[in-house]
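The values are calculated or read from the model by the stated rules, or taken from the named source; none is laboratory data. Source: prediction; values computed, not measured. All Cβ positions, glycine included, derive from the backbone under ideal geometry; neighbour counts span all protein chains shown. With ligands, DNA and RNA removed, areas are computed over all heavy atoms of the protein, side chains included. Shrake-Rupley method; radii C 1.70, N 1.55, O 1.52, S 1.80 Å.
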Amino acid sequence: MLTGWLLVAAMDSESLLLSLELASGTGQGLSPDRRASLLTSLLLVKRDYRYNRVLFWGRILGLVADYYIAQGLGEDQLGERKSLYSLNCMEWSLLPPATEEMVIQTSVVKGRFIGDPSHEYEHIEMQRTTEGEKTYEDEVMIQIKEESRLVSVIDQIDKSVAIMPRGALFKTPFGPVHVNRTFEGLTLADSKKLSSYFHFVEPVELKNKSLLEKADLDPSLDFMDSLENDIPKGSWSIQMERGNALVVLRSLLWPGLTFYHAPRTKNHGYIYVGTGEKNIDLPFML
């Protein structure tokens, strides 16, 4: 059915359990033991790493084992996110930040994750060397660690489909972005519009807008890119469930990413439960 992004801030255990219950509708639910381990271990992660908030990001399904992913945030909600992974919901390892070079290098790896961070994929590249007037092509074997691929996929999903409802965050005049404690949810009408949802990353399109286009925007709320301009058009599905008590957005670009919001309440979240593979055929399917 659907899943939810889990806020483990204070700790919001009710939200965590609700989201895991909803996640079980996809056939990818957790056993009671795993749920209990997750609840306890994320509290310890928050305490030990001194994060402002810890978010359960989701689960990347591997052939041998699955990666459970959590993210730690500081006071600025759009600041650097620290990603951690676990294979058992108890022991967590910090992942390095993604780099452009890492994303490019791992993009050649196709197929399912194995579930072993030390696994190395082998990729053959043709490299040209020139000696005098002659050019030679040599086959070079490149080894790519699964851990690097994991970092890259999390980064791509964050930038493409991590989302928040309008008003859930607010930006102070001095720059930092905070959780909006006064957020009471979207109206039922607004919850059905893509324009009511923002990408939960630093804006790209917004910076290219003219002053005239920004005239009607509230700088304290409209400081991220809206989903309504996403390319390709039609890459999101919106459905009302539970008799209009819940709006569910699903990404068709990254199958497995699901967002939920209960209109007129603070309850919202997203989770990724999938194989970590992008639907590159989507433009031809729409």
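Here are the numbers for the structure shown:
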{"quantity": "Among the residues listed as Val103, Val109, the single one being of a type outside the set (Ser, Thr, Tyr) and either out of contact with any strand residue (DSSP E or B) (no Cβ under 9 Å at 6 or more places or on another chain) or without any contact (Cβ under 8 Å) to a residue 40 or more places away in the chain (or both)", "calculated": "Val103"}
{"quantity": "Residues of the range 168-199 satisfying the condition of being without any contact (Cβ under 8 Å) to a residue 60 or more places away in the chain and in contact with a Gly (Cβ under 8 Å, 6 or more places away or on another chain)", "calculated": "Asn180"}
{"quantity": "Top-ranked residue in the range 129-169 [being open to solvent by less than 40 Å² (accessible area, probe 1.4 Å) and over 17 Å from the mean Cα position of the chain (by Cα); ranked as modelled with the lowest pLDDT]", "calculated": "Ile142"}
{"quantity": "The range 13-66: number of residues that are at pLDDT 85 or above, under 19 Å from the mean Cα position of the chain (by Cα) and of a type in the set (S, T, N, Q)", "calculated": "1"}
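Okay, residues lined up against (1) open to solvent by less than 50 Å² (accessible area, probe 1.4 Å); (2) modelled with pLDDT of 85 or more; (3) in contact with a Ser or Thr (Cβ under 7 Å, 6 or more places away or on another chain):
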{"site": "Thr182", "(1), (2), (3)": "no, yes, no"}
{"site": "Lys209", "(1), (2), (3)": "no, no, no"}
{"site": "Leu221", "(1), (2), (3)": "yes, no, no"}
{"site": "Ser251", "(1), (2), (3)": "yes, yes, yes"}
{"site": "Pro263", "(1), (2), (3)": "yes, yes, yes"}
